[in-house]
1. Using r as the Cβ-Cβ distance of residue 203 and residue 231, and R0 as 41 Å, what FRET efficiency do you calculate, to the nearest 0.05?
2. D for segment 278-318, whole µm²/s, Stokes-Einstein with Kirkwood Rh over alpha-carbon pairs at 20 °C and 1.002 mPa s: what number?
3. Using unit Cβ charges (K, R positive; D, E negative) and no other charged atoms, how large, in debye to the nearest 20, is the dipole of segment 116-248 about its Cα centre?
4. Using only C-alpha atoms and all pairs of different ones, pull out the Kirkwood radius for segment 287-347 in Å with one decimal.
5. Say the dipole of segment 3-382 comes from +1 at the beta carbon of Lys and Arg and -1 at that of Asp and Glu; which of 32, 220, 153 then lies farthest toward its positive end?
6. How large is the Rg to Rh ratio of segment 162-235 when both quantities use alpha carbon positions and Rh follows Kirkwood?
7. Only helices at least 18 Å long along their axis, Cα-based, and averaging -1.0 or more on Kyte-Doolittle count here, so list those DSSP H runs from the chain.
8. How far apart, in nm, are the 7 Å Cα→Cβ label points at residue 131 and residue 112?
Amino acid sequence: MFFPYYGLYLRENAGLSGTQLGWVLAMMPLVGLVTQPFWAQVADRTGARSRILTLLSLGAVFGYLILGAANGFLAILMAATVLAVFSTAVLPIIMSVSLAVLRDAGPHAYGFVRVWGTIGFFLLVVSFPWMLDRYQEARGLVAEPGGPSEPGLGIMFIGTAVLVFIVALISLCLPREGAISLRAARGDWRELLRNAAFIRFLLFALAAYFFLQGPMWFFPILIRARGGDIDTIRSMWILMLAVEIPLVLATGSGFKRLGARGLLAIGVLAGGVRWILCGVIDDLTLLYPVQALHGVTVVGLLVGGPLYLDAVTPERLRSTAQALLSMVGMGIAGIISNTGTGWLLEHVGPSSPYILAGIGSLALGLFTWEILISPETVRSEAGTP
């Protein structure tokens, strides 16, 4: 409900310029540089990962509500900051909880659980535009010349807050004992700084997310520039997710055959091809099949990445490792990528960020095996099976 249309809301409904849009989108990763490692250390030191997840979810509910009520660039910037304090740490904590709970469930288990996030995303992408139309009809909201194409789009903040509140309630039922409650000692996080495989992966993720983040957040702007509307955005997301669901389900098989490095390489290469085609194709009809590559990128980078990280880092530092990945990928890379994409959008044109990001992704994907150390090598050097 939120992710596919947030950039469109800021551009059309809030009336932000390309540069302002880039700064607002960059605020979440900027704040995440501090909050993600903080919350992760709290989770690892206390072992209370499930309870931290509940707290973060409740804080995100508050953040979405005030962001929806904010007006003007500075107010929106501050509200996005408040939301980021809580929401940016949710994903790495969820990753650490999931991998701990599923540690002995086999290679397919993570994909079987992770796919429900995609299904939830799919259901909202399909249904939200219809719900938005009903809401606008009931309130008498009609698009006017020079105004936003969807004047009631701000309702997505309330809807998202309600769903995240449900998430907080569900998190109360998650396990609290066993591997999920392993505690790290004070200063253990420094072990990650001596882990060559971990450091090299962070550098790889920095580059990969740099080429992914900005173009993904600005994707609705590209579709509008090509003459599409919110229904076009929805239809493209339906195709993306329809391909993503079976690929996520097959993550276990892909992990066994290709390994984490193979998944990462394929994901980054697919993202590069997708962005180049998005940059050079003006016809929306031809752009539709290109979006099928999104599912390949998600499985490769967003699923293969956490699996690789979990294989090369100690269990007691799961939350910290996942948070540092998010801090580097969603944070540092996201800040640079979002602000850069916003600048290119305003000064060069909507196609330029996609062509440049596509070329960079292709180059990175070709060097994946040279950059990343095999998890088997890491385990062998550590003397673990």
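Here, each number is a calculation from the coordinates, and none is a lab measurement. What you see is a predicted model; the values in this text were computed from it and never measured. Please note: Cβ atoms are built from the backbone with ideal geometry, for glycine as well, and neighbour counts cover all protein chains shown.
1. Using R0 = 41 Å, I get an efficiency of 0.55.
2. Working: Rh = 12.5 Å.
It comes out at roughly 171 µm²/s.
3. Dipole about the Cα centre, nearest 20: 600 debye.
4. Values: mean 1/r = 0.0732 Å⁻¹.
Its Kirkwood hydrodynamic radius stands at 13.7 Å.
5. 32
6. Values: Rg = 20.5 Å, Rh = 17.3 Å.
When Rh is taken as the Kirkwood radius, the ratio is 1.19.
7. 18-46, 49-69, 73-87, 109-139, 155-171, 196-217, 230-249, 251-280, 333-347, 352-366
8. Using points 7 Å along Cα→Cβ, the separation is 2.9 nm.
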